[in-house]
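See structure below.
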Amino acid sequence: MPETLGNIFIHAAFVVATYAIVMSVLGARTNQYHLVRSGRNAVWATGILVLSAVIALEVCLLKGRFHVEYVHQYTNLTMPIFYKIAALWGGQNGSLLFWLFILMVYSSCAVFQTRHRNVELQPYVVAVLMTIALFFITLLIFSANPFQTMPFDVRDGRGLNPLLQNYYMLIHPPSLYLGYVGMSVPFAFGIAAMIANRLDNKWIIEVRIWTLIAWFFLSIGNLLGASWAYEVLGWGGYWAWDPVENAAFIPWLTATAFLHSAIIQEKRNMLKTWNMALVILSFLMTMVGTFLTRSGIVSSVHSFAQSDVGQYFFVFLGICILVSFGLLILRLPSLRSTNVLDSLVSRESAFLFNNLVFVGAAFAILWGTLFPVLSEWVRGTKITVGPPYFNSVMIPIGLVLLFLTGFGPIVGWRKSTLDQLKKSFLVPILFVIPTSVLALIFLRKSGDFLTTMYVNISISLCVFVFVTIVMEYWEGIAMRARIFKEDFMTALIRLIASNRRRYGGYVVHIGIVLLFLGFTGNAFKVEKELKLKPQETTQFENYLIHYDSLVPTSNAHKTVISAHLAVWKNDKPYALMKPARVLYNSSVPGEDAQPSTEIAIKRSIVEDLYFALLTFDPENQTIFVKAVINPLVQFIWIGGLFLILGSVVVMWPGANGLRRTTYA
């Protein structure tokens, strides 16, 4: 019985994880290394037990053991096998087990990598990581057991939510979880450094790569989430400031701030308190996001059903806040910086301003997300906060961040002279001025004044940042060509290889520029709801749309009803598009089929033409279609690829592998 074995594995993991915590702390306090080693081994044993529990649940899902309540809720006989595999993270209980599994993978890798170094920190790192693991194991035993069985046998299940029956289900949640859970490792090192009072730069060097890995997966997760919303939900956009979307974006902002300020601590031994606070905040924000998703206190298409899991998270979150910030206050004397800012016009100050804006953005989003909940608690009525609030706050903040992306690299460390600033800013400004003038001419009759101003500033800043990055590369390539007599491509490749962190970061910044171009295109978005009868033709902007017919297809799992639309652009044939409604068959007697939308998109670098079939009349075949023109949206996905590529360059190990330092 795999469900019985799964329960045994989870309970055994509880015992072994507790042992790991006790042995690690006891070994550290009594200086008995064999106890520390035993605690470390217990981490790997816990990981094996959790992996065994995951395998047991997957066996239940794949074998159709529908008397297991979780299997009954999230699979059925007709569901394709890859969705049965993905059902592991499709529901609350299974996703918590999956979360625990990823945590144990991270914990096992972190403990293995540092088994011969940072010996003062390792037992406390183990204790913190296993305390987090113990919390999730407790949830699985007492509140969200995925192996819970029903008192009667059933022959089929309800199946996965139609919105989740998409290939994004296979990659988006795992990517997001890898980012969320990954923040536990930097948090564990930070807490360990404060407990052991080892607050030099060794811990920050250790933490940086783990934060970068988590940030990398969070970036992928957010991008895939935006793409999922764009291609599956059928509303024509990619980001709606949904509470769960916000919960994934907030830790990305704080982690980005930390990755920038960690450079200052390494180079100038500054911002030590700030960095510790950012590590703590990044972890806490992942817990807040998990709490929001699983408590049921916010309404979202991404959240799970309301349950008492949220109460456990609320208590655990409170304990984490008290312990982490209590330690931070206790260690403030040891976290004092040895250097101070020499000038406001310096790279250090640019990084500091950058961090303040990132944290300000995170707070603004968190406030807008929690305000409906707080208003309901205080006043008894829920006040909705929608996209207008987030856009009004985040557009100016985003533009400031975009400016700092270009400003930081071209100012010097410590202090920049007036002559240096003139030399650095002259070329970018020479490009920005004509760009701004052309944008004003083009935009003079499009939209209101505020939108026109924001679009102009955004385009101008994109040019500014791009030119500064090109200048940085050009100077490095020219120097190598002059000294080493290398051709352009050789110089470029070796320049990046010589300082992956710096030049890979510039690739990430190029991705940010392209993302902002894509966001700017949203100002010119056009949408309209069309009502069409068979063989009817209508005009939508510069597109001519001809509706031919509805075509149904079906199998045992679902029925797809497609509307065939022929599209002309500027009087030339452009595309044949087939938006559809999908009806997923229910295995529950008397229950209606579950509907979903299948989007049709004709992509181009200039604009996307987007159709969603909202509804139809089966008798006369009249259809209602949401038609959207999304200018420049492809730059978002291209920018995302650059961001991912730059992250890989930064994380790629050097010729001698990752830097290793052994402490006896």
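Just to be sure before I move on: is Y473 without any contact (Cβ under 8 Å) to a residue 60 or more places away in the chain, out of contact with any His (no Cβ under 9 Å at 6 or more places or on another chain) and hydroxyl-bearing (S, T, Y) in the structure I sent? Steps first, answer last, please.
Values: without any contact (Cβ under 8 Å) to a residue 60 or more places away in the chain: yes; out of contact with any His (no Cβ under 9 Å at 6 or more places or on another chain): yes; hydroxyl-bearing (S, T, Y): yes.
In short, yes.
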Open item on the list: It is to be established whether one or more residues within segment 382-397 are in contact with a Cys (Cβ under 8 Å, 6 or more places away or on another chain), more than 30 Å from I191 (Cβ to Cβ), at pLDDT 90 or above and not basic (K, R).
Closed with: no
Open item on the list: Name the residue that is farthest from V111 (Cα to Cα), counting only residues in segment 29-55 that are out of contact with any helix residue (DSSP H, G or I) (no Cβ under 6 Å at 6 or more places or on another chain) and charged (D, E, K, R).
Closed with: R29
TODO: State whether the residues of segment 187-201 include one that is crowded, with 18+ Cβ neighbours inside 10 Å and touching a Lys or Arg at 6+ places or on another chain (Cβ under 7 Å).
DONE: yes
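If you check L77, L100, which single one turns out to be crowded, with 21+ Cβ neighbours inside 10 Å and either over 30 Å from K202 (Cβ atoms) or touching a helix residue (DSSP H, G or I) at 6+ places or on another chain (Cβ under 6 Å) (or both)? Explain how you work it out, then say what you get.
Working: L77 fails: crowded, with 21+ Cβ neighbours inside 10 Å.
One residue alone meets the criteria, L100.
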TODO: Return only the number of the condition from (1) at pLDDT below 90; (2) of a type in the set (A, V, I, L, M, F, W, C); (3) more than 16 Å from the chain's Cα centre (by Cα) that A277 does not satisfy.
DONE: (1)
Task: Cross-chain or 6+ apart pairs with Cβ under 6 Å, segment 35-62 first and under 12 Å from V126 (Cβ atoms), then of a type in the set (F, W, Y) and surrounded by fewer than 22 Cβ atoms within 10 Å (Cβ to Cβ) - done: A42/Y19
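Residue-wise test of (1) polar (S, T, N, Q); (2) not in a helix (DSSP H, G or I).
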{"residue": "A364", "(1), (2)": "no, no"}
{"residue": "L370", "(1), (2)": "no, no"}
{"residue": "T384", "(1), (2)": "yes, yes"}
{"residue": "V400", "(1), (2)": "no, no"}
{"residue": "K415", "(1), (2)": "no, yes"}
{"residue": "L426", "(1), (2)": "no, no"}
TODO: Please work out which residue is surrounded by the fewest Cβ atoms within 10 Å (Cβ to Cβ), limiting yourself to segment 257-297 and to residues that are of a type in the set (F, W, Y) and in contact with a Pro (Cβ under 9 Å, 6 or more places away or on another chain).
DONE: F283
Open item on the list: Considering only segment 601-621, I want to know if a residue exists there that is surrounded by 18 or more Cβ atoms within 10 Å (Cβ to Cβ) and without any contact (Cβ under 8 Å) to a residue 40 or more places away in the chain.
Closed with: yes
Open item on the list: Of all residues being over 15 Å from P409 (Cβ atoms) and of a type in the set (V, I, T) in segment 420-446, which is modelled with the lowest pLDDT? Just the residue, please.
Closed with: I441
Open item on the list: For Y238, only one of the following conditions fails: (1) assigned to a helix (DSSP H, G or I); (2) hydroxyl-bearing (S, T, Y); (3) touching a residue at least 60 places away in the same chain (Cβ under 8 Å). What is its number?
Closed with: (1)
- [ ] Can you confirm whether segment 512-529 contains a residue that is in contact with a Phe, Trp or Tyr (Cβ under 6 Å, 6 or more places away or on another chain), of a type in the set (F, W, Y) and at pLDDT 90 or above?
- [x] no
Task: Search result, residues across segment 329-362 that are of a type in the set (G, A, S) and part of a helix (DSSP H, G or I) - done: S334, S349, A350, G360, A361, A362
Task: Filter result for the condition that a residue is small (G, A, S) and under 20 Å from L26 (Cα atoms), over A133, A144 - done: A133
Task: Checklist (1) among the small types (G, A, S); (2) under 29 Å from F112 (Cα atoms); (3) touching a His at 6+ places or on another chain (Cβ under 9 Å) applied to A188, failing item - done: (3)
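Select from segment 326-345 the residues that are more than 24 Å from D200 (Cβ to Cβ) and buried (at least 16 other Cβ atoms within 10 Å of the Cβ) and list them in ascending order.
V345, the sole residue that qualifies.
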TODO: Could you look through segment 372-382, keep only residues that are β-branched (V, I, T) and part of a helix (DSSP H, G or I), and pick out the one that is farthest from A248 (Cα to Cα)?
DONE: V378
TODO: Among residues belonging to segment 106-140 that are among the β-branched types (V, I, T) and modelled with pLDDT under 95, point out the one that is farthest from I209 (Cα to Cα).
DONE: V119
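Is it fair to say I137 is of a type in the set (A, V, I, L, M), in contact (Cβ under 8 Å) with a residue 12 or more places away in the chain, under 22 Å from T293 (Cα atoms) and surrounded by fewer than 22 Cβ atoms within 10 Å (Cβ to Cβ)? Step through it out loud before you land on a result.
On the way: of a type in the set (A, V, I, L, M): yes; in contact (Cβ under 8 Å) with a residue 12 or more places away in the chain: yes; under 22 Å from T293 (Cα atoms): yes; surrounded by fewer than 22 Cβ atoms within 10 Å (Cβ to Cβ): no.
Against the criterion (of a type in the set (A, V, I, L, M), in contact (Cβ under 8 Å) with a residue 12 or more places away in the chain, under 22 Å from T293 (Cα atoms) and surrounded by fewer than 22 Cβ atoms within 10 Å (Cβ to Cβ)), I137 does not qualify.
Can we say L178 is part of a helix (DSSP H, G or I), in contact with a Pro (Cβ under 7 Å, 6 or more places away or on another chain) and closer than 28 Å to A87 by Cα? Spell out how you get there, then give the answer.
Values: part of a helix (DSSP H, G or I): yes; in contact with a Pro (Cβ under 7 Å, 6 or more places away or on another chain): no; closer than 28 Å to A87 by Cα: yes.
No, not satisfied.
The values are calculated or read from the model by the stated rules, or taken from the named source; none is laboratory data. As the structure is a computational prediction, the values presented were derived from the model and not from experiment. Counting neighbours? That spans all protein chains shown, and the Cβs are built from the backbone with ideal geometry, glycine included.
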